[in-house]
Amino acid sequence: MIQYTPTGADRARFPGSYAQEARYLGYRQDEEAKPYAKYFRADTQPVQDHIRDVLITGMAPTEYAYGIHDAARIMSRPGYHKMETGWTHVPGGVMISVLTDMPGVTGEMWDWWFGWHSTETARYKLWYPDAHQFSALGENRSNDRTLTDRQRYIDNVSYVDEYVGGTLQRLAIRFTDPTRLGFDEPGPGHAVICARVGLSQYPVAQGWLIHQVRPTTNGAEMRSRFFLNDTQILDLPDQSAPGRGAALLTRKTARKLGNSALPRLGKKAMGPTFGPDLLYHCGAEMNHLATFLPQLHEEFHDTP
């Protein structure tokens, strides 16, 4: 059974900018001085055609779904799965898959991006200016130049506020080493980004995400997976959630709720359209960033 163990970044004091920083979509005039401002876009690129087709078709058969425990075995096979792009119901939640073609991109670029983008909200907005509002890190490791790109984000937490569909989500993305989920160490040109996904204001995890990057003849492809049916109360100190979040949800509370209640609460929090909403969101942000990620990486890969 795959378990998530909280890290030092999980237990660090919650970022002060969370309560202090203004929330808004797009960019303000003072942000035009950022060294990467030439990559700002007023609008997000349209999703790729196959994603639009899937959204029109509707939900995939439930038989196409699998769980986080089978993900490494299934995704490590060559070729493609029946649901490379789609969404379907699973007990207690939803599974979502998104395939994105990325000409000119490599796996190394994505490892760099995940270690670079969360230090500033303006960087995070590069990914999806129509939906991203805020970003901060549990541990800002950007100034330690002895670390690899992967060491900057693995066992770290990215706190993000973003719209998925029309609903603002306040999320904690807790990155973990892909080998803990059963993947082999990624080789040259490859990347596997894995994380426990949950809420930022409460010590609650609701699922997992995987972004597997594989080389293609013209660049790379990303196979994204979201397994949102594994709710867990994390054992975190009060300082690691804003307000009374951690104090309200403790292991004692979880025992009172019972094992059957937590999945129902997690599913209710997502809403009935979360599957197609997140499918579109992932397809939009990955396609958008991929259009200029090679240039962004070339210019800033050696900077904190």
At least 2 residues that are under 26 Å from Pro178 (Cα atoms), at pLDDT 95 or above and not acidic (Asp, Glu) in each: list the helices (runs of 4 or more DSSP H) lying fully within segment 190-304 that qualify.
274-290, 293-300
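Could you tell me whether Arg196 is touching a strand residue (DSSP E or B) at 6+ places or on another chain (Cβ under 7 Å), closer than 16 Å to Met83 by Cβ and of a type in the set (Lys, Arg)? Can you show your working first?
Working: touching a strand residue (DSSP E or B) at 6+ places or on another chain (Cβ under 7 Å): yes; closer than 16 Å to Met83 by Cβ: no; of a type in the set (Lys, Arg): yes.
For Arg196, the condition - touching a strand residue (DSSP E or B) at 6+ places or on another chain (Cβ under 7 Å), closer than 16 Å to Met83 by Cβ and of a type in the set (Lys, Arg) - is not met.
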Quickly run through segment 92-111 and pick out the residues that are assigned to a helix (DSSP H, G or I) and either crowded, with 23+ Cβ neighbours inside 10 Å or among the small types (Gly, Ala, Ser) (or both).
Gly107, Met109, Trp110, Asp111
Every residue from segment 112-136 that is of a type in the set (A, V, I, L, M) and out of contact with any strand residue (DSSP E or B) (no Cβ under 6 Å at 6 or more places or on another chain)
Ala122, Leu126
Based on this model, can you work out whether Arg180 counts as at pLDDT 95 or above, more than 12 Å from the chain's Cα centre (by Cα), surrounded by fewer than 18 Cβ atoms within 10 Å (Cβ to Cβ) and not in a strand (DSSP E or B)?
yes
Which ones in segment 18-60 are surrounded by 12 or more Cβ atoms within 10 Å (Cβ to Cβ) and farther than 29 Å from Leu279 by Cα?
Glu31, Lys34
One residue from Ala122, Ala172 being crowded, with 20+ Cβ neighbours inside 10 Å, within 24 Å of Arg23 (Cα to Cα) and within 15 Å of the chain's Cα centre (by Cα)
Ala172
Tell me, which residue of segment 35-44 that is assigned to a loop (DSSP other than H, G, I, E, B) and not aliphatic (A, V, I, L, M) is farthest from the chain's Cα centre (by Cα)?
Pro35
Kindly list the number of the only condition in (1) of a type in the set (Phe, Trp, Tyr); (2) surrounded by fewer than 18 Cβ atoms within 10 Å (Cβ to Cβ); (3) at pLDDT below 95 that fails for Tyr163.
(3)
Do you know which residues across segment 45-80 are within 21 Å of the chain's Cα centre (by Cα) and assigned to a loop (DSSP other than H, G, I, E, B)?
Gln45, Pro46, Val47, Gln48, Ala65, Tyr66, Gly67, Ser76
Could you tell me whether Ile173 is within 29 Å of Gly275 (Cβ to Cβ), of a type outside the set (D, E, K, R), outside any loop (DSSP other than H, G, I, E, B) and in contact (Cβ under 8 Å) with a residue 40 or more places away in the chain?
no
Are there any pairs, at least 6 apart or on different chains, whose C-beta atoms fall under 8 Å, with the first in segment 210-223 and closer than 17 Å to Phe292 by Cβ and the second of a type in the set (Val, Ile, Thr) and surrounded by fewer than 22 Cβ atoms within 10 Å (Cβ to Cβ), and if so, which?
Val213/Thr106; Gly219/Thr106; Ala220/Thr106
Out of (1) closer than 21 Å to Gly16 by Cα; (2) buried (at least 19 other Cβ atoms within 10 Å of the Cβ); (3) out of contact with any Gly (no Cβ under 7 Å at 6 or more places or on another chain), what's the single condition that is false for Gln239?
(2)
Out of curiosity, is Thr5 farther than 24 Å from His190 by Cβ, in a loop (DSSP other than H, G, I, E, B), out of contact with any Gly (no Cβ under 9 Å at 6 or more places or on another chain) and free of Cβ contacts under 8 Å to residues at least 60 places away in the same chain?
yes
Only one of (1) modelled with pLDDT under 95; (2) under 18 Å from His211 (Cβ atoms) does not apply to Pro91, and that is (2)
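Residue by residue, here is whether (1) in contact with a Phe, Trp or Tyr (Cβ under 6 Å, 6 or more places away or on another chain); (2) charged (D, E, K, R); (3) crowded, with 21+ Cβ neighbours inside 10 Å holds:
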residue	(1), (2), (3)
Leu168	no, no, no
Asp184	no, yes, no
Gln206	no, no, yes
Thr217	no, no, no
Glu221	no, yes, no
Thr231	no, no, yes
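The values are calculated or read from the model by the stated rules, or taken from the named source; none is laboratory data. If you're wondering where the values come from, they're calculated on a predicted model, not measured in any experiment. Don't worry about glycine lacking a Cβ; one is built from the backbone with ideal geometry, like all the others, and counts go over all protein chains shown.
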